[in-house]
There are 2 protein chains.
Amino acid sequence: MGPYRRRPPPVRKVQGMALVDRVLLGPGPSNPYPEATAALGAPLLGHLDPEFLRVLDETCARLRVVWGTENARTLPLSGTGSIGMEAAFANFVRPGDVVVVAVNGLFGERMVDVAGRYGGEVVRVDHEWGQPVDVERVLAAHPAPKVVAAVHAETSTGVRSDIGALAVAVHTRDPGALVVADCVTSLAGIPVSIDHWGVDVAYSGTQKCLGVAPGLAPFTVSERAWERRLPKPPTWYLDLNLIGAYVDGSNGGRTYHHTAPVAMIASLHAALGRVLEEGLETVWERHRVAGERLREGLGELGLELFAAEGHRLPELTTVRVPDGVDSAKVRQILLSDYNLEIGAGAGAFATSVWRIGLMGHNARLDRVELVLGALRRVLGR
Amino acid sequence: MGPYRRRPPPVRKVQGMALVDRVLLGPGPSNPYPEATAALGAPLLGHLDPEFLRVLDETCARLRVVWGTENARTLPLSGTGSIGMEAAFANFVRPGDVVVVAVNGLFGERMVDVAGRYGGEVVRVDHEWGQPVDVERVLAAHPAPKVVAAVHAETSTGVRSDIGALAVAVHTRDPGALVVADCVTSLAGIPVSIDHWGVDVAYSGTQKCLGVAPGLAPFTVSERAWERRLPKPPTWYLDLNLIGAYVDGSNGGRTYHHTAPVAMIASLHAALGRVLEEGLETVWERHRVAGERLREGLGELGLELFAAEGHRLPELTTVRVPDGVDSAKVRQILLSDYNLEIGAGAGAFATSVWRIGLMGHNARLDRVELVLGALRRVLGR
């Protein structure tokens with residue numbers, strides 16, 4: 001009979017969150033697969049519980065399938081997608097290393113910043129926003145870089161670049177160079193094939209085509225990169241040597257590093273199960289078809305697409321805001337009247353472009369018709 | 001009519017996670033408050049949605065209450081507790097800065113590692129594990145350190161140290177020195193009073209007494225520390241200048257940094273609501289009473305406590321494994337036969353100490369009787 005028993009029972013007087021049921025068609029987060037949401041509410045397990053470790057191992061195995069890799073070092077890092085970018089440079093760039101970065105949008109720009117913080121001598125290869133990465137120009141930028149980095153699916157512009165061609169070109173010239181690929185908006189939406197392409201380090205985020213809430217960064221490392229890792233990177237939290245000792249149970253032991261975000265990992269496990277059940281190629285096809293129908297419908301509304309033709313992502317469509325239309329006002333009406341979120345443009349295109357995502361659970365024809373119908377009404381077309 | 005329509009509907013054949021309903025009485029994670037679990041399953045909001053930004057602002061306001069601070073820079077960082085430690089040193093330690101670290105357990109040890117990676121000239125003050133931090137010895141270790149760091153509640157040993165006395169002593173000698181406190185296992189379990197103590201930088205984790213799944217690190221920064229922050233720390237993800245531009249909406253604008261882990265933040269918001277409704281002092285009292293009853297009951301079983309008397313945490317009790325008892329076997333039986341998790345010891349005490357947590361939602365007399373009853377049965381006492 002502790003003294004706290006004498007207190008009155010708690011009263012629900014602190015305001016909770018409003019349960020607003022948005023359709024999230026911005027650049028991410030997208031609405032999670034229902035299986036992913038259900039798993040978040042499952043009873044929590046300890047991070048060293050044998051049942052959780054089974055789920056973790058299985059999550060890594062499922063990630064290998066969607067990455068198209070047999071890399072032993074394939075795991076979810078404990079942070080949102082950007083932590084994957086940080087881990088990629090923190091573990092593989094030594095001070096003075098030449099790092100060639102293809103910049104064709106916001107996330108290429110961010111790579112320049114991050115690589116520089118870890119001491120990389122960055123050579124940037126600028127492209128017009130909305131255009132894909134030009135492999136020849138990237139190759140010509142420096143004769144012997146240690147690392148070449150590019151974004152597969154630029155979330156800021158809706159452009160797909162040919163990472164496979166880039167990786168082959170880089171390794172044909174120098175088999176020892178590392179290729180780093182940002183696959184935040186591509187993984188489980190369009191084909192990603194790490195081993196076939198020969199990409200060395202790649203990262204993604206859970207809140208895009210994987211159909212999970214934001215909070216984890218799937219990550220994969222080739223053998224070539226693993227041998228070139230820093231033995232003690234400047235960051236402790238993202239030191240792959242330490243994380244690997246917990247995640248990799250293959251040597252029979254696991255060493256505690258940080259407490260794994262168990263609920264988020266269970267959610268990723270469930271979403272990957274959903275994707276693999278549906279079939280990875282079917283999921284890609286579902287994204288392709290939805291994106292195609294959206295582009296077609298936007299054309300019917302007389303709207304102009306932003307990303308270069310032939311390089312448009314099905315999961316993220318960029319469209320120019322018509323002259324005289326208040327971009328923010330339209331987004332606000334979509335949100336308030338239709339519970340529908342679409343994204344503003346990024347950087348210099350903040351008010352002149354919209355970004356419409358059809359990712360993961362939202363890569364569906366009903367979402368396409370919803371956003372087309374709402375836009376038609378709001379724009380008066 | 002996309003081609004994917006022609007495929008058969010998905011079949012549930014990929015194995016899901018077993019729904020094991022554990023009682024988590026280890027050193028964390030603990031079972032979340034039901035409100036926190038429910039919030040994880042609520043419809044997801046975009047990270048720039050006005051409704052989510054209201055929840056984020058309110059979460060920061062609620063964190064100020066549990067931290068006992070009016071610090072404007074009080075926010076949840078997007079990673080598990082350890083990311084708080086990393087942010088503390090990454091943003092406030094310049095190469096060559098003298099950092100005095102009190103080491104009386106695993107997390108003090110970790111501070112030495114992290115501070116060193118960011119270029120700190122670390123002066124460690126070692127204590128016997130199980131003993132609290134000795135303020136005089138820490139003070140005597142160096143005449144003019146830039147930073148003094150210590151752990152409030154050592155998760156590895158179950159010991160509470162007097163951070164208030166340490167902070168006052170450090171600032172009495174040098175008002176410009178920064179005091180960093182690890183409050184991972186103390187926040188919302190025992191009194192924490194950042195402003196009253198004069199602590200400059202403190203961090204916690206959500207999976208202990210806050211009663212949320214692991215995945216966020218509540219963080220707070222004093223004005224004195226803020227003025228001493230690095231303008232461009234080596235880490236991009238944890239650069240407080242950039243994070244602040246998103247979290248702090250007081251200047252009317254928010255700049256996107258990384259996609260906030262919206263579901264986890266909604267869950268923290270809900271748990272903090274629960275704690276504030278119950279009343280922070282009532283919550284502390286609930287922890288105090290539960291811990292006291294557990295220690296009493298362990299004594300009745302003839303078991304010996306590990307942490308120094310007078311410095312024992314109510315939320316985490318360390319107890320010596322009796323001679324001749326197989327520590328791992330007992331934990332395994334508790335898990336398999338009672339669905340009850342308790343923790344092994346840490347470091348050199350891995351097999352000679354158990355750690356029993358009564359944190360957040362688990363700081364209850366029924367949990368105490370459950371673990372005492374199960375231990376009595378398994379140990380045959």
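The values are calculated or read from the model by the stated rules, or taken from the named source; none is laboratory data. Owing to the predicted nature of the structure, the values given are computational and were not obtained by experimental measurement. Here the Cβ is made from the backbone with ideal geometry for all residues, glycine too, and neighbour counts use every protein chain on show.
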In the range B:69-110, the residues that are within 11 Å of chain A (Cβ to nearest Cβ) and among the β-branched types (Val, Ile, Thr): B:Thr80, B:Ile83
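Would you mind stating whether A:Leu238 is among the hydrophobic types (A, V, I, L, M, F, W, C), under 21 Å from the mean Cα position of the chain (by Cα) and at pLDDT 95 or above? I'd like the intermediate steps shown before the answer.
Details: among the hydrophobic types (A, V, I, L, M, F, W, C): yes; under 21 Å from the mean Cα position of the chain (by Cα): yes; at pLDDT 95 or above: yes.
So A:Leu238 passes the test.
Only one residue in A:Asp195, A:Asp162 is within 19 Å of A:Ala88 (Cα to Cα) and under 19 Å from the mean Cα position of the chain (by Cα), so which one is that?
A:Asp195
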Checklist (1) touching a residue at least 60 places away in the same chain (Cβ under 8 Å); (2) at the interface with another protein chain (Cβ under 10 Å from one of its Cβ atoms); (3) surrounded by fewer than 24 Cβ atoms within 10 Å (Cβ to Cβ) applied to B:Glu285, failing item: (1)
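List the helices (runs of 4 or more DSSP H) inside the range B:49-137, counting only whole elements, that have at least 2 residues being basic (Lys, Arg).
Working: elements: B:50-67, B:81-92, B:106-117.
Helices (runs of 4 or more DSSP H) meeting the threshold: B:50-67, B:106-117.
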Counted residues, the range A:138-190 - those being crowded, with 24+ Cβ neighbours inside 10 Å, touching a helix residue (DSSP H, G or I) at 6+ places or on another chain (Cβ under 7 Å) and part of a loop (DSSP other than H, G, I, E, B): 7
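From A:Gly302, A:Gly324, A:Gly373, A:Gly360, grab the single residue that is touching a residue at least 60 places away in the same chain (Cβ under 8 Å), among the small types (Gly, Ala, Ser) and either farther than 18 Å from A:Ile190 by Cβ or in the same structural domain as A:Ser156 (by TED's automatic domain parsing) (or both). Quick ask: steps written out before the conclusion?
Details: A:Gly324 fails: touching a residue at least 60 places away in the same chain (Cβ under 8 Å); A:Gly373 fails: touching a residue at least 60 places away in the same chain (Cβ under 8 Å); A:Gly360 fails: either farther than 18 Å from A:Ile190 by Cβ or in the same structural domain as A:Ser156 (by TED's automatic domain parsing) (or both).
Just one listed residue meets the conditions, A:Gly302.
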Answer from B:Gly347, B:Gly343 - the residue that is buried (at least 18 other Cβ atoms within 10 Å of the Cβ), closer than 19 Å to B:Thr155 by Cα and of a type outside the set (Asp, Glu): B:Gly343
Some residue of the range B:145-162 being farther than 27 Å from A:Tyr256 by Cβ, touching a strand residue (DSSP E or B) at 6+ places or on another chain (Cβ under 9 Å) and in the same structural domain as B:Arg94 (by TED's automatic domain parsing): yes
Failed condition for B:Ala153, given (1) over 18 Å from B:Thr69 (Cβ atoms); (2) touching a Ser or Thr at 6+ places or on another chain (Cβ under 6 Å): (1)
In the range B:158-200, the residues that are of a type in the set (Gly, Ala, Ser) and either under 21 Å from B:Asp126 (Cα atoms) or in contact (Cβ under 8 Å) with a residue 60 or more places away in the chain (or both): B:Gly158, B:Ser161, B:Gly164, B:Ala165, B:Ala167, B:Ala169, B:Ala177, B:Ala181, B:Ser186, B:Ala188, B:Gly189, B:Ser193
Meets criteria (surrounded by 24 or more Cβ atoms within 10 Å (Cβ to Cβ), in a loop (DSSP other than H, G, I, E, B), on the phi < 0 side of the Ramachandran plot and in contact (Cβ under 8 Å) with a residue 12 or more places away in the chain) for B:Ala260: yes
Pairs, first on the phi > 0 side of the Ramachandran plot in the range B:19-43, second modelled with pLDDT under 95 and buried (at least 23 other Cβ atoms within 10 Å of the Cβ), C-beta under 7 Å, six or more apart: B:Gly28/A:Thr259
Checking B:Lys232 against (1) part of a loop (DSSP other than H, G, I, E, B); (2) touching a helix residue (DSSP H, G or I) at 6+ places or on another chain (Cβ under 8 Å); (3) touching a residue at least 12 places away in the same chain (Cβ under 8 Å), the condition it does not meet: (3)
Selection status of B:Gly215, closer than 30 Å to A:Ala90 by Cα and surrounded by fewer than 19 Cβ atoms within 10 Å (Cβ to Cβ): no
Residue within the range B:192-204 that is part of a strand (DSSP E or B) and over 27 Å from B:Leu276 (Cβ atoms) present: no
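Can you find, within the range B:30-63, the residue that is nearest to the other protein chains (Cβ to nearest Cβ) among those that are more than 22 Å from B:Thr74 (Cβ to Cβ) and hydroxyl-bearing (Ser, Thr, Tyr)?
Residue satisfying both the conditions and the ranking: B:Thr37.
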Output for the range A:212-225, where each listed residue is out of contact with any strand residue (DSSP E or B) (no Cβ under 6 Å at 6 or more places or on another chain) and in contact (Cβ under 8 Å) with a residue 60 or more places away in the chain: A:Val212, A:Ala213, A:Pro214, A:Gly215, A:Ser222, A:Glu223
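Rundown of residues vs (1) modelled with pLDDT under 95; (2) surrounded by 22 or more Cβ atoms within 10 Å (Cβ to Cβ); (3) not charged (D, E, K, R), yes/no style:
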position: B:Glu300; (1), (2), (3): no, no, no
position: B:Ala308; (1), (2), (3): no, no, yes
position: B:Pro314; (1), (2), (3): no, yes, yes
position: B:Arg320; (1), (2), (3): no, no, no
position: B:Gly324; (1), (2), (3): no, no, yes
position: B:Lys329; (1), (2), (3): no, no, no
position: B:Gln332; (1), (2), (3): no, no, yes
